[in-house]
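Step one of this worksheet: look at the structure below.
What follows draws every value from the coordinates through simple rules; no lab data is involved. Predicted model, so just to flag it, every value in this text is computed and none were measured. Methodologically, a virtual Cβ is constructed for each residue, glycine included, from the backbone with ideal geometry; neighbour enumeration extends over all protein chains shown.
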Amino acid sequence: MAVWIVVGVLVLLVLAAALLFNGLVRRRNRTTEAWSQIDVELKRRHDLIPNLIETVKGYAAHERQTFEAVTAARAGAVSAGATGDPAKIGTAENALSQSLRSLFAVAENYPQLRAVESFTQLQEQLTATEDKIEFARRYYNGSVLDYNSAIQTFPRNLLAGSFGFHAAIFFAADEADRAVPQVSFAGPAAPRPPAPMGGSEPPAAV
């Protein structure tokens, strides 16, 4: 009878360990899948930026420093993305957001862009992408919180260390950088050269 009791206890322990292990695997997989959603949207963001730069450049070619800053920030974000490290990626993406703000500040000085369909479409696509990134970020961070709590609490922590379950990293974003700046043409435009005789607007810079 004692032997059967011991066997029964061992079976129960094995079953409990299996349930705990499987629960950790599910949480880790959910976190990985959530990160993949962020990765997809970040790559889409990176793909939109060159076209956005070229569109604005057609009207403000002399703003070379701004374009170079955005291009460099995008390159840094792409390089950080290759590491798969949410901490490095978050820092690089925040820097890219800051540079995009400078780009949109330049665009505000050129009301002609209001009539450029490609510019408005790119801005709308970038805004939609940022919204998806924010949604995916919240889902990912929620999954990370659930997963990290699981591997740090008893009795799952007894299995986590032995089977290679390590804490995941949150994907943080600066509060000021989570929204894409919206170009507003409602306010006064920057000083422009006077229009030539006949009332026609001076040609855009190329």
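For the reader, a short list of remarks on this structure follows.
- Going through (1) loosely packed, with under 13 Cβ neighbours inside 10 Å; (2) within 30 Å of Leu158 (Cα to Cα) one by one, Gly23 falls short only on (1).
- Residue match in region 69-80 (condition: surrounded by fewer than 15 Cβ atoms within 10 Å (Cβ to Cβ), over 21 Å from the mean Cα position of the chain (by Cα) and without any contact (Cβ under 8 Å) to a residue 40 or more places away in the chain): no
- For region 130-138, the criterion of being over 30 Å from Thr55 (Cα atoms) and either aliphatic (A, V, I, L, M) or surrounded by fewer than 17 Cβ atoms within 10 Å (Cβ to Cβ) (or both) is met by at least one residue.
- Test set (1) out of contact with any Ser or Thr (no Cβ under 7 Å at 6 or more places or on another chain); (2) of a type in the set (D, E, K, R); (3) farther than 18 Å from Gln37 by Cβ - Glu108 fails condition number: (1)
- Region 90-131, residues that are among the β-branched types (Val, Ile, Thr) and free of Cβ contacts under 8 Å to residues at least 60 places away in the same chain: Thr91, Val106, Thr120, Thr127
- Any hit, region 132-139, residues being free of Cβ contacts under 8 Å to residues at least 60 places away in the same chain, out of contact with any helix residue (DSSP H, G or I) (no Cβ under 8 Å at 6 or more places or on another chain) and under 10 Å from Glu41 (Cα atoms): yes
- Single match in Ile38, Ile49, Ile89 (criterion: farther than 24 Å from Val144 by Cα and of a type in the set (Val, Ile, Thr)): Ile49
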